[in-house]
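Please read the structure below before turning to the comments.
The values are calculated or read from the model by the stated rules, or taken from the named source; none is laboratory data. None of the values given here were measured: they were computed from a predicted structure. Heads up, the Cβs are rebuilt from the backbone with ideal geometry, glycines too, and the neighbour counts pull from every protein chain shown.
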Amino acid sequence: MGISRRGSPYLRAACRRAPGRRHVAGERKRPRRSWLALAAALVLLGCGAGIEERLARADRAFDAGNWSEAEAGYRRVLKGDEHNFRAHLRLAEVYFEKKRYDIMIGYHLREAERIMRESGDAEMRAEFRRVRGRILGKALESGRI
């Protein structure tokens, strides 16, 4: 004479904890982990779209020469993605235009260079060299270096 799985609370508890367990009659089925992974992926995709939108807004302010708005925009981008190459590089340019050389060289230009080196991307390398050359050229012309 056997004990049914359903009849013993101890067996039900053991079945709940057992890896790879099957659904026990009378228990509510739990959502599968794949649904949770899908939900997490959708949330992350939504965050990425927000960062791209913030980056585009900051780029428009940068192109218009509105340095304060561009600085705030790039800082918002970095709050969401602290390893954003373009935001660090553009912040270095913004700080150069605002004559805040210590922040520009001390952090953002070096951080952009680190991200570029880790990625090994040729386009990043070309953009970094172009921006660094423009900043250093302006600094030499103005006598800052």
*Just to be sure, is Ile115 within 18 Å of the chain's Cα centre (by Cα) and either assigned to a helix (DSSP H, G or I) or buried (at least 20 other Cβ atoms within 10 Å of the Cβ) (or both)?*
yes
*Restricted to the range 94-112, and to residues that are of a type outside the set (Val, Ile, Thr) and closer than 19 Å to Ile51 by Cβ, which residue is surrounded by the most Cβ atoms within 10 Å (Cβ to Cβ)?*
Ala112
*Looking only at the range 61-74, decide whether some residue is at pLDDT 90 or above, touching a Gly at 6+ places or on another chain (Cβ under 7 Å), surrounded by 12 or more Cβ atoms within 10 Å (Cβ to Cβ) and assigned to a helix (DSSP H, G or I).*
yes
*Given the structure, is His88 touching a residue at least 24 places away in the same chain (Cβ under 8 Å) and surrounded by fewer than 17 Cβ atoms within 10 Å (Cβ to Cβ)?*
no
